[in-house]
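Notes to accompany the following structure.
Throughout, read-outs are computed from the coordinates displayed, never taken from laboratory work. Model, not experiment: these values are computed from the prediction. Positions of Cβ are generated from backbone atoms using ideal geometry, with glycine treated the same way; all protein chains shown enter the neighbour counts.
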Amino acid sequence: VQLVESGGGLVQAGGSLRLSCAATGLTFSWFAMGWFRQVPGKEREFVSAINRNGGSTSVSDSMKGRFTIARDNAKNTVYLQMNSLKPEDTAVYYCAADLAGRRLEDAGEYDYWGQGTQVTVSS
């Protein structure tokens, strides 16, 4: 199984980025997908998640109205659209796949993880 994130980079505050996560080696439509982020010295933080068919999503309160998750099961890809970025959004962003799909805000529930992509927001 491989999850490969892309789309990270350096952006000014107020800007936008769209992260992608391409999955191989698994039946993508069987898995709920999530995005988490982490900064050095802190625990991995839940960002957003989406269920198997894309009909249900959740977003962390601090990112509601700014971040949107979506998936394309035909392309085995999950996306995270990030708007109105703030310097405190700077982190490594990880995508993850969860077969059980029950507690999507819990990083410990996920079965597979990508390597992460760096997002840096300058003030």
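When the Gaussian network model of the chain links Cα atoms closer than 10 Å, the mean-square fluctuations of Leu19, Leu80, Leu99 top out at Leu99.
In order along segment 112-123, the phi-based Karplus estimate (6.51 cos²θ - 1.76 cosθ + 1.60, θ = phi - 60°) of 3J(HN,Hα) comes to 9, 10, x, 7, x, 9, 7, 10, 10, 10, 8, 8 Hz; Gly and Pro are listed as x. Couplings 3J(HN,Hα) of segment 48-65, computed from phi: 6, 8, 9, 7, 4, 9, x, x, 9, 9, 9, 9, 4, 3, 6, 10, 4, x Hz, in residue order, whole Hz [Karplus 6.51 cos²θ - 1.76 cosθ + 1.60, θ = phi - 60°; x for Gly and Pro].
Loop only by DSSP, 12 or fewer other Cβ within 10 Å of the Cβ. Give me the GluC sites (Glu not before Pro) in segment 17-123 that pass, ordered by residue number. It would help to have the intermediate numbers written out before the result.
On the way: sites: Glu43, Glu45, Glu88, Glu105, Glu109; in loops: Glu43, Glu105.
Answer by residue number: Glu43.
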